[in-house]
Amino acid sequence: MAPELAFDGVLFPSLLPVFVISALIFWPLETLLTKAGVYRWFWHPSLARLSFFILLFAGLALARTVIGV
């Protein structure tokens, strides 16, 4: 696990940049999925959104680990 990130004396978790990148990727992707009507296929659309975000975040975190950045 990478060490914490220090910014102006404040420590942040090392996965914070991955979380922010995931949110920036998910925002337009979620808008696209909503306009396409994908969430009509799910019983609980909010849970589907959360699941998609978690999959994206976990995939980016794993890719970061494999690449070694």
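The values are calculated or read from the model by the stated rules, or taken from the named source; none is laboratory data. Since the structure is predicted, the reported quantities are computational estimates derived from the model, not experimental observations. Backbone-built Cβ (ideal geometry, glycine too); neighbour counts: all protein chains shown. Heavy atoms of the whole protein, side chains included, go into the accessibility calculation; ligands, DNA and RNA do not. Shrake-Rupley method; radii C 1.70, N 1.55, O 1.52, S 1.80 Å.
Things worth noting here:
- Hey, Arg49 surrounded by 12 or more Cβ atoms within 10 Å (Cβ to Cβ), outside any strand (DSSP E or B) and modelled with pLDDT under 90 or not: no
- Yes/no for Ile21 being aliphatic (A, V, I, L, M), surrounded by 10 or more Cβ atoms within 10 Å (Cβ to Cβ), touching a residue at least 24 places away in the same chain (Cβ under 8 Å) and within 30 Å of Leu5 (Cα to Cα): yes
- Residues located in region 1-18, provided they are touching a residue at least 12 places away in the same chain (Cβ under 8 Å) and among the small types (Gly, Ala, Ser): Ala2, Ser14
- Failed item in (1) under 15 Å from the mean Cα position of the chain (by Cα); (2) acidic (Asp, Glu); (3) open to solvent by 70 Å² or more (accessible area, probe 1.4 Å), with Glu30 passing the rest: (3)
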